[in-house]
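Student: The structure under discussion is supplied below as structure tokens; questions concerning it will follow.
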Amino acid sequence: MSALLRVEGLSKRFGGLLAVRDVTLEVQEGGIVALIGPNGAGKTTSFAAIAGFVRPDAGRVSFAGTDVTGWATPRIAALGMVRTFQITQPFAGLTVAENIRVGAFLHTASPARAMEQARAIGTTLGLASFLERPAAALTVAGRKRLELARALATRPRLLLLDEVMAGLNPSEVDEIVALLRTIVSSGVAVLMIEHLMQAVAALASHVYVLSEGALIAQGPPAAIARDPAVVEAYLGHGAAATLANA
Amino acid sequence: MTLEIVAAALVGGLLTGGVYALVALGLTLIYGVLHIVNFAHGSLLMVAMFAAWLLFARFHIDPYASLPLVTLVMFAFGWVLYRFVIARISRGEDRAILLATLGIAVVLDNAALVLFTGDVRTAETAWSFAMVEAGPLLLPAAKLVSFGVALALGCALWLLMTATDTGRAIRAVAHEPEGARLVGIRPARTFALAYGIGTGCLGAAACLLLPSFYVSPQIGHVFVLVAFTIVVLGGMGSFPGAVVGALLLGVVESLGGLLLGESLGPIGVSLSFIAVLLLRPQGLFGARA
Amino acid sequence: MISRIVAIALAALALVPFALPSQSLVSLAFLAVVAALLGTGWNIAGGFGGLTSFGHAIFFGVGAYATALLQARHGLSPWLGLPVGAMLGGLIGWLIGVAAFRAGLRGSYFALVTLAFAEAFRVIANSLDYTGGGLGILIPLRPGLSSFQFADRRTSYALALALLAVALAVSAWLRRSRFGARLAAVRESEDAARALGIEPLHVKAAALALSGAITATGGVLYTQTYLYIDPTIAFGPERSVEMLLVAMVGGAGTVLGPLLGALVLQGITEGSRALSTTPGVAPMLYGLVLLAVVGLLPGGIVRLLRGRAA
């Protein structure tokens with residue numbers, strides 16, 4: 001079966017720094033894949049290159065069989081790959097419902113139908129009581145839900161989630177994890193950047209580990225957790241050996 | 001078109017550029033460093049020129065002599081204007097600052113119209129018509145003086161911003177108001193100080209302009225676009241850039257007038273501005289934003 | 001609810017000049033309606049789109065000169081002025097939008113570039129024989145339907161109301177439509193809009209084009225009524241500022257805002273004329289009102305009426 005998203009040899013340089021080096025990964029239809037790694041590893045840059053916010057210097061990105069390398073973000077979104085932002089970007093002057101509706105407009109031209117869908121999705125994501133409130137009034141957790149709702153409204157095939165759990169307390173995390181499970185079960189694939197290992201363990205079937213711009217490991221979550229290279233990346237040189245002897 | 005005519009236009013343009021530099025230096029500080037889109041810049045120049053003109057017409061004080069006083073008065077006026085009007089109204093928001101300074105410009109322009117009518121006023125001093133011979137060319141003395149003072153002022157401002165504590169405080173606040181506050185600098189006061197220095201420059205510019213130019217309530221419009229063009233052309237916040245940009249614009253305008261005629265000549269300024277904004281918004285000396 | 005009341009009140013007010021015989025009242029009302037029309041045009045870009053323009057006189061002037069030139073230089077029917085002016089205004093809006101937004105201009109840079117364009121147009125109009133140079137163009141007086149000139153000012157007024165109604169309908173459509181929602185999204189966050197499939201450049205340029213087209217019709221109407229246009233009337237900074245003021249004072253980004261703004265500013269003009277005939281008093285008051293609105297009522301009068309809802 002060919003992958004929904006296939007990234008090959010992705011590289012991105014910023015001035016003198018090679019932020020992303022030869023990254024190759026893939027996401028299957030309906031799968032959940034996590035991209036993890038210490039801070040500064042190049043995860044968000046990889047996302048930006050995949051989603052079209054920056055042009056990769058090398059490599060190929062193909063989505064649903066189409067080569068989308070270097071495409072602008074709106075075109076990629078129209079094709080079905082939609083990203084959320086680590087620091088949420090609500091349309092502050094609009095209501096929650098109006099926010100979500102912008103996403104729905106990607107596949108319908110009717111304002112009425114788009115609003116209907118927006119309300120439905122907002123309700124599914126637990127924002128029912130906030131629909132008519134200004135988006136600026138939401139808490140961090142609410143804004144995360146809004147980012148998800150907005151992206152979902154576009155009827156994506158693949159969601160790129162950039163640290164969606166950041167800033168949430170444990171019970172909020174559980175709620176989002178449950179939400180994501182529901183979303184994926186409806187057929188949407190997910191590629192997520194995540195720091196929170198419990199979320200990764202709970203959701204992802206496959207994990208890629210990035211360190212200093214390069215892939216150092218990949219596999220199911222359990223295998224990754226035991227991989228010495230991964231431990232070293234997070235805890236420093238020699239940590240794996242130290243921990244093994246502890 | 002002989003070489004002499006072109007040379008005269010070039011030199012004339014440079015000298016006019018010197019005058020423009022005077023006007024633009026203050027805006028370089030206000031807009032280039034503080035990023036306050038001071039739409040009132042031209043109107044404030046007009047106010048300063050009327051102040052200088054009043055001192056001349058009522059008290060017979062030569063504008064060159066009243067320069068220190070006018071500079072001080074304009075500094076104070078600018079300080080108060082920023083502290084109690086602009087800062088209060090805009091609360092630091094970009095679009096609000098734009099509109100607040102626009103409002104101030106409209107009020108000042110029309111207040112002048114009410115007080116002085118639309119008539120053009122001049123201040124004819126010994127310097128107004130004095131000429132200096134430089135080889136085959138005859139140069140207006142007043143413009144030479146402006147040119148010299150512009151260079152001196154440009155250096156002074158550059159030194160102020162790079163070598164003094166005040167300058168460093170201003171740059172710190174422009175860059176990172178919260179951080180500046182943490183090290184004991186008061187952003188509101190510092191912005192007001194910088195704005196005042198900027199309008200003070202306009203005071204000096206006004207006194208130097210008056211002998212060779214005229215004043216009327218409408219001149220604000222004339223200078224606003226010129227000043228912004230120079231600031232952006234020179235590279236936001238660069239004083240040497242502003243001086244070079246001003247000289248360049250002066251030459252462009254002069255050559256434009258020569259090549260395109262008197263009516264179409266002024267388009268040089270607007271076209272230059274549009275070109276810089278669309279093609280090289282960081283200007284000649286600025287770093288890519 | 002408030003909007004409906006205000007709308008009905010305004011509609012009633014609009015009919016008054018038809019009932020009373022005073023020509024001066026009609027002239028006043030005409031000016032207010034044209035101001036509202038121009039403000040509504042500005043509002044589409046500056047209010048709904050967040051694209052603060054300091055040079056909207058470009059579009060007014062293009063419409064004004066289009067109709068003047070069609071008649072004076074080409075002997076064509078002045079009724080062509082409306083569609084031609086609107087199309088030119090739209091085209092120029094699109095071109096300026098694409099150029100400016102592709103270069104990444106926004107906020108104050110965009111405001112300044114529009115100012116520069118308006119000034120450039122003014123200089124060009126001032127220097128070409130085709131446009132009558134500094135003397136402008138005088139349209140020969142020829143009252144009659146075919147020459148788009150009306151002896152009774154009330155007819156001009158009715159036409160102005162019709163154009164305003166169209167402009168308001170466009171504004172209202174903008175509020176409800178997909179295009180309007182996308183424009184609002186781009187205004188709030190271009191990155192988030194991109195991620196949802198919206199291309200900000202197209203949306204912003206289209207908004208400027210629409211704004212330009214509507215504003216141009218105001219220019220056409222103005223010239224056909226006063227039968228004279230010159231570079232300063234057409235492209236001068238006072239014109240640009242007026243349009244901005246009307247929308248900001250009334251409430252940028254609302255449908256009725258520019259109407260209320262126009263009424264307030266017209267009121268100030270008449271009120272100040274009663275106090276003093278010195279030129280400059282009314283515009284000075286406008287400036288003070290702008291400062292007051294920006295400082296105290298950033299949402300404009302409309303939002304004040306609505307109880308300052310965010």
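The values are calculated or read from the model by the stated rules, or taken from the named source; none is laboratory data. Quick caveat: nothing in here was measured; it's all calculated off a predicted structure. Reconstructed Cβ throughout: ideal geometry from the backbone, glycine too, with neighbour counts over all protein chains shown. Note: accessible area is taken over every heavy atom of the protein model, side chains too, but ligands, DNA and RNA are not part of it. Shrake-Rupley method; radii C 1.70, N 1.55, O 1.52, S 1.80 Å.
Student: Which is more than 14 Å from every other protein chain (Cβ to nearest Cβ), at negative phi and at pLDDT below 85, of B:Val222, B:Val173?
Tutor: Working: B:Val222 fails: more than 14 Å from every other protein chain (Cβ to nearest Cβ).
Among B:Val222, B:Val173, only B:Val173 is more than 14 Å from every other protein chain (Cβ to nearest Cβ), at negative phi and at pLDDT below 85.
Student: Within region A:63-94, which residues are at the interface with chain C (Cβ under 8 Å from one of its Cβ atoms) and modelled with pLDDT under 90?
Tutor: A:Gly93
Student: Determine which member of the set A:Arg21, A:Arg83, A:Arg6 is charged (D, E, K, R) and more than 18 Å from the chain's Cα centre (by Cα).
Tutor: Numbers: A:Arg83 fails: more than 18 Å from the chain's Cα centre (by Cα); A:Arg6 fails: more than 18 Å from the chain's Cα centre (by Cα).
Sole residue among the options that is charged (D, E, K, R) and more than 18 Å from the chain's Cα centre (by Cα): A:Arg21.
Student: Okay, next question. For residues in region A:10-23 being small (Gly, Ala, Ser) and out of contact with any Pro (no Cβ under 9 Å at 6 or more places or on another chain), which is surrounded by the most Cβ atoms within 10 Å (Cβ to Cβ)? Let's see the steps before the verdict.
Tutor: First pass over region A:10-23, keeping only residues small (Gly, Ala, Ser): A:11, A:15-16, A:19.
Narrowing further to those that are out of contact with any Pro (no Cβ under 9 Å at 6 or more places or on another chain): A:15-16, A:19.
Numbers: A:Gly15: 6, A:Gly16: 5, A:Ala19: 22.
Looking at residues that are small (Gly, Ala, Ser) and out of contact with any Pro (no Cβ under 9 Å at 6 or more places or on another chain), I get A:Ala19.
Student: From the set of residues in region A:24-45 that are closer than 12 Å to A:Ala214 by Cα and in a loop (DSSP other than H, G, I, E, B), which is most open to solvent (accessible area, probe 1.4 Å)?
Tutor: Of everything passing the filter in region A:24-45, A:Gly40 is most open to solvent (accessible area, probe 1.4 Å).
Student: Continuing with the same structure: Search region A:210-235 for residues that are more than 21 Å from A:Leu17 (Cβ to Cβ) and pair each with any residue that is open to solvent by 20 Å² or more (accessible area, probe 1.4 Å) and among the charged types (D, E, K, R) when their beta-carbon atoms are under 8 Å apart and the residues are at least 6 apart or on different chains.
Tutor: Within 8 Å, the pairs are A:Ala217/A:Asp227; A:Gly219/A:Asp227.
Student: Which is closer than 27 Å to B:Leu113 by Cα, not in a helix (DSSP H, G or I) and not charged (D, E, K, R), of B:Pro281, B:Pro217, B:Pro211? It would help to see each step written out before you state the result.
Tutor: Working: B:Pro281 fails: closer than 27 Å to B:Leu113 by Cα; B:Pro211 fails: not in a helix (DSSP H, G or I).
Just a single option satisfies the conditions, and that option is B:Pro217.
Student: Residues that are within 14 Å of chain B (Cβ to nearest Cβ), buried (at least 18 other Cβ atoms within 10 Å of the Cβ) and not acidic (Asp, Glu): which helices (runs of 4 or more DSSP H) entirely in region C:256-310 hold 2 or more of them?
Tutor: Working: elements: C:257-275, C:281-296, C:300-305.
Result: C:257-275, C:281-296.
Student: Would you confirm whether or not region B:269-278 contains a residue that is more than 18 Å from C:Glu119 (Cβ to Cβ) and crowded, with 24+ Cβ neighbours inside 10 Å?
Tutor: Taking region B:269-278 as the starting set, the residues that turn out to be more than 18 Å from C:Glu119 (Cβ to Cβ) are none.
Checked region B:269-278: no residue is more than 18 Å from C:Glu119 (Cβ to Cβ) and crowded, with 24+ Cβ neighbours inside 10 Å.
Student: Considering every residue within region C:143-166, establish whether at least one is within 14 Å of chain B (Cβ to nearest Cβ), surrounded by 16 or more Cβ atoms within 10 Å (Cβ to Cβ), under 21 Å from the mean Cα position of the chain (by Cα) and under 30 Å from A:Phe91 (Cβ atoms). Outline the logic, then answer.
Tutor: So the first thing to find is which residues in region C:143-166 are within 14 Å of chain B (Cβ to nearest Cβ), and the list is none.
Checked against the condition, which is being within 14 Å of chain B (Cβ to nearest Cβ), surrounded by 16 or more Cβ atoms within 10 Å (Cβ to Cβ), under 21 Å from the mean Cα position of the chain (by Cα) and under 30 Å from A:Phe91 (Cβ atoms), region C:143-166 yields no hits at all.
Student: Could I ask something else about it? So which of B:Thr28, B:Thr2, B:Thr16, B:Thr71 ends up being away from every other protein chain (no Cβ under 14 Å), of a type in the set (S, T, N, Q), touching a residue at least 24 places away in the same chain (Cβ under 8 Å) and closer than 26 Å to B:Ala134 by Cβ?
Tutor: It is B:Thr16.
Student: Of all residues in region C:205-220 being open to solvent by 10 Å² or more (accessible area, probe 1.4 Å) and of a type outside the set (Gly, Ala, Ser), which is farthest from C:Phe235 (Cα to Cα)? Let's see the steps before the verdict.
Tutor: Quick first cut of region C:205-220, residues open to solvent by 10 Å² or more (accessible area, probe 1.4 Å) only: C:206, C:209-210, C:213-214, C:217.
In the following step, the residues that additionally are of a type outside the set (Gly, Ala, Ser) were identified as C:210, C:214, C:217.
On the way: C:Leu210: 19, C:Ile214: 16, C:Thr217: 15 Å.
The residue in question is C:Leu210.
Each row is one residue, and each column tells you yes or no for (1) within 14 Å of another protein chain (Cβ to nearest Cβ); (2) in a helix (DSSP H, G or I).
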| residue | (1), (2) |
| --- | --- |
| B:Phe84 | yes, yes |
| B:Leu99 | yes, yes |
| B:Ala105 | yes, yes |
| B:Gly118 | yes, no |
| B:Trp127 | no, no |
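Student: Kindly provide the set of residues from region C:226-255 that are charged (D, E, K, R) and either crowded, with 23+ Cβ neighbours inside 10 Å or at pLDDT 90 or above (or both), ordered by number.
Tutor: First, pick out the residues of region C:226-255 that are charged (D, E, K, R): C:230, C:238-239, C:242.
Those that are charged (D, E, K, R) and either crowded, with 23+ Cβ neighbours inside 10 Å or at pLDDT 90 or above (or both): C:Asp230, C:Arg239, C:Glu242.
Student: Among the residues of region A:116-140, write down those that are open to solvent by 60 Å² or more (accessible area, probe 1.4 Å), closer than 14 Å to A:Thr95 by Cβ and of a type outside the set (S, T, N, Q).
Tutor: A:Arg119, A:Phe130, A:Glu132, A:Arg133, listed by residue number.
Student: Determine the pairs where a residue that is on the phi > 0 side of the Ramachandran plot, located within region C:267-296, has a partner that is in a helix (DSSP H, G or I) and open to solvent by 30 Å² or more (accessible area, probe 1.4 Å) with Cβ atoms under 8 Å apart, the partner being 6 or more residues away or on another chain.
Tutor: Once the first residue is on the phi > 0 side of the Ramachandran plot and sits in region C:267-296, its partners that are in a helix (DSSP H, G or I) and open to solvent by 30 Å² or more (accessible area, probe 1.4 Å) give C:Gly280/B:Leu113; C:Gly280/B:Val114.
Student: For a quick check of your reading: which helices (runs of 4 or more DSSP H) sit entirely within region A:188-238 and have at least 1 residues that are open to solvent by 50 Å² or more (accessible area, probe 1.4 Å) and closer than 26 Å to A:Val82 by Cα? Explain how you work it out, then say what you get.
Tutor: Numbers: elements: A:197-203, A:221-226, A:228-235.
Here the list reads A:197-203.
Student: From (1) away from every other protein chain (no Cβ under 12 Å); (2) in contact with a Leu (Cβ under 9 Å, 6 or more places away or on another chain); (3) farther than 17 Å from C:Ile229 by Cα, pick out the condition that doesn't hold for C:Pro83.
Tutor: Unmet condition: (2).
Student: Those residues that are without any contact (Cβ under 8 Å) to a residue 60 or more places away in the chain and within 27 Å of A:Leu152 (Cα to Cα), I need them from region C:164-185; list them, please. It would help to see each step written out before you state the result.
Tutor: Here is the first cut: in region C:164-185, the ones without any contact (Cβ under 8 Å) to a residue 60 or more places away in the chain are C:165-166, C:169, C:173, C:176-179, C:181-182, C:185.
Correct list: C:Trp173, C:Arg176, C:Ser177, C:Arg178, C:Phe179, C:Ala181, C:Arg182, C:Ala185.
Student: Among the candidates B:Gly148, B:Gly179, B:Gly154, which residue alone is part of a helix (DSSP H, G or I) and crowded, with 19+ Cβ neighbours inside 10 Å?
Tutor: Numbers: B:Gly148 fails: crowded, with 19+ Cβ neighbours inside 10 Å; B:Gly179 fails: crowded, with 19+ Cβ neighbours inside 10 Å.
None of the other options fit; the residue is B:Gly154.
Student: When C:Thr114 is evaluated against the numbered criteria (1) modelled with pLDDT under 90; (2) among the polar types (S, T, N, Q); (3) open to solvent by less than 50 Å² (accessible area, probe 1.4 Å); (4) more than 14 Å from C:Leu227 (Cα to Cα), which criterion, by number, is the only one it fails?
Tutor: (1)
Student: Residue under question is A:Ser11, and the condition is that it be more than 15 Å from the chain's Cα centre (by Cα), assigned to a strand (DSSP E or B), polar (S, T, N, Q) and more than 9 Å from every other protein chain (Cβ to nearest Cβ); does it hold? Please lay out each step first, then the result.
Tutor: Numbers: more than 15 Å from the chain's Cα centre (by Cα): yes; assigned to a strand (DSSP E or B): yes; polar (S, T, N, Q): yes; more than 9 Å from every other protein chain (Cβ to nearest Cβ): yes.
Here the answer is yes, as A:Ser11 does meet what is asked.
Student: Can you spot a residue in region A:214-224 that is over 24 Å from A:Glu98 (Cβ atoms) and of a type in the set (Val, Ile, Thr)?
Tutor: Filtering region A:214-224 for residues over 24 Å from A:Glu98 (Cβ atoms) gives A:214-224.
Checking the rest, the ones that are also of a type in the set (Val, Ile, Thr) come to A:216, A:224.
Taking every residue of region A:214-224 in turn, at least one turns out to be over 24 Å from A:Glu98 (Cβ atoms) and of a type in the set (Val, Ile, Thr).
Student: From the list A:Arg60, A:Arg143, A:Arg113, which residue is open to solvent by 20 Å² or more (accessible area, probe 1.4 Å), of a type in the set (Lys, Arg) and under 24 Å from A:Ala166 (Cα atoms)?
Tutor: Numbers: A:Arg60 fails: under 24 Å from A:Ala166 (Cα atoms); A:Arg113 fails: under 24 Å from A:Ala166 (Cα atoms).
After ruling out the rest, the residue left standing is A:Arg143.
Student: In region C:195-214, which residue that is within 20 Å of C:Ala99 (Cβ to Cβ), out of contact with any Gly (no Cβ under 7 Å at 6 or more places or on another chain) and of a type outside the set (A, V, I, L, M) is nearest to the other protein chains (Cβ to nearest Cβ)?
Tutor: C:Glu199
To keep it simple, each residue is scored yes or no on (1) within 11 Å of another protein chain (Cβ to nearest Cβ); (2) open to solvent by less than 10 Å² (accessible area, probe 1.4 Å); (3) part of a helix (DSSP H, G or I).
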residue: C:Ala45; (1), (2), (3): no, yes, yes
residue: C:Thr67; (1), (2), (3): no, yes, yes
residue: C:His74; (1), (2), (3): no, no, no
residue: C:Trp79; (1), (2), (3): no, no, yes
residue: C:Arg122; (1), (2), (3): yes, no, yes
